[in-house]
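Each value in this text was obtained by applying a stated rule to the coordinates, not by laboratory testing. Keep in mind that what you see is a predicted model, and the values were worked out from it rather than measured. Glycine gets a Cβ as well: all are built from the backbone with ideal geometry, and neighbour counts include every protein chain shown.
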């Protein structure tokens with residue numbers, strides 16, 4: 001099966017991502033799910049599938065090859081059902097809390113025995129870091145925040161970076177106070193292919209890319225710290241402070257909380273691939289594919305894309321990210337989709353998940 005190409009090379013028995021690290025704001029603007037639509041979403045930790053649910057889709061199918069990622073989705077669903085918005089943010093790790101053990105027990109009681117055992121085994125980590133802080137990628141950023149960044153920038157400098165200010169002031173602060181020699185050296189080392197592969201992503205995720213991520217991180221950091229407003233970026237807040245602060249990802253915002261809670265029966269959680277859905281005859285109107293193509297060989301990419309097209313209704317929207325491997329519709333299938341270049345150009349500058357090099361929006365013709 002094409003989409004299981006990466007499963008042969010990487011381990012899928014740990015939480016890799018305890019929260020979604022793609023910007024749901026631009027994702028929802030790209031996919032625009034309607035009230036009668038079926039949406040297929042790579043599950044990850046569930047945040048972006050839930051954000052799409054809040055847009056009004058009739059059905060959202062969250063799929064993943066990693067059963068621990070689906071445990072994260074089911075925990076999210078239990079958290080929406082059992083907690084107030086304030087409690088939800090505390091348990092998530094978005095806000096400080098001294099009662100996460102109690103909140104976790106309350107949510108876990110809604111889950112299967114297997115899921116309860118899974119969360120009980122990591123309850124101390126949840127108590128310390130929140131449900132959104134217990135993945136490998138989050139540990140990578142925690143190492144960066146607690147053991148590496150302090151050698152370059154102190155807490156006052158970090159707070160100053162995240163303070164609201166105009167673009168000219170951000171530009172001056174970046175050049176004078178942030179982008180110093182120590183920061184540039186840190187980026188080259190900590191965001192190298194070797195370190196990121198060992199501590200952040202699985203090394204197999206780099207099999208089909210050339211070069212390393214450090215140069216790209218250095219280039220795109222200026223976008224996040226100068227061109228955009230850092231004070232409004234939840235992903236940057238978590239990287240630098242280990243919480244979301246006042247900036248929240250789309251699915252965690254108060255205005256969508258009750259909507260998501262009320263629509264949870266429309267969310268399906270599936271341990272499978274998009275190809276599996278195709279074999280079952282599922283037809284979808286929109287696809288959130290995260291950055292799955294980045295991990296695939298060119299042939300696996302072509303096979304996976306063909307499976308997606310087989311599951312797509314005419315007019316279906318497809319959205320996905322690239323970090324380092326440039327992936328778009330394979331040439332052999334290019335006559336079956338159109339690229340929404342205008343919408344891409346509008347949304348890419350707004351992408352708060354600044355470490356991605358490209359955001360692709362395609363429509364099935």
Fill in the blank from the handout: Fewest-first ordering of 104, 267, 186 by Cβ atoms within 10 Å yields 186, 104, 267
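In what order do 134, 360 fall by count of nearby beta-carbon atoms within 10 Å, going from fewest to most? Show your work: numbers first, answer last.
Values: 134 24, 360 21.
With the fewest neighbours first, 134, 360 line up as 360, 134.
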Exercise for the section: Could you rank the peptides 311-317, 119-125 by their average count of other C-beta atoms within 10 Å per residue, with the highest value first? Expected result: 311-317, 119-125
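Return 272, 28 ranked ascending by Cβ neighbour count within 10 Å, so the fewest neighbours appear first.
Taking fewest neighbouring Cβ atoms as first place, the list is 272, 28.
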Practice task
As a check on your grasp of the helix formula, calculate [θ] at 222 nm for the chain: sum -39500 (n - 2.57) over DSSP H runs of n ≥ 4, divide by the residue count, round to the nearest 500.
Solution key: -11500 deg cm²/dmol
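Suppose we keep just the DSSP beta bridges with both residues in the chain; what percent of those would be antiparallel, to 5?
Values: 9 of 26 bridges.
Beta bridges within the chain, antiparallel portion: roughly 35 percent.
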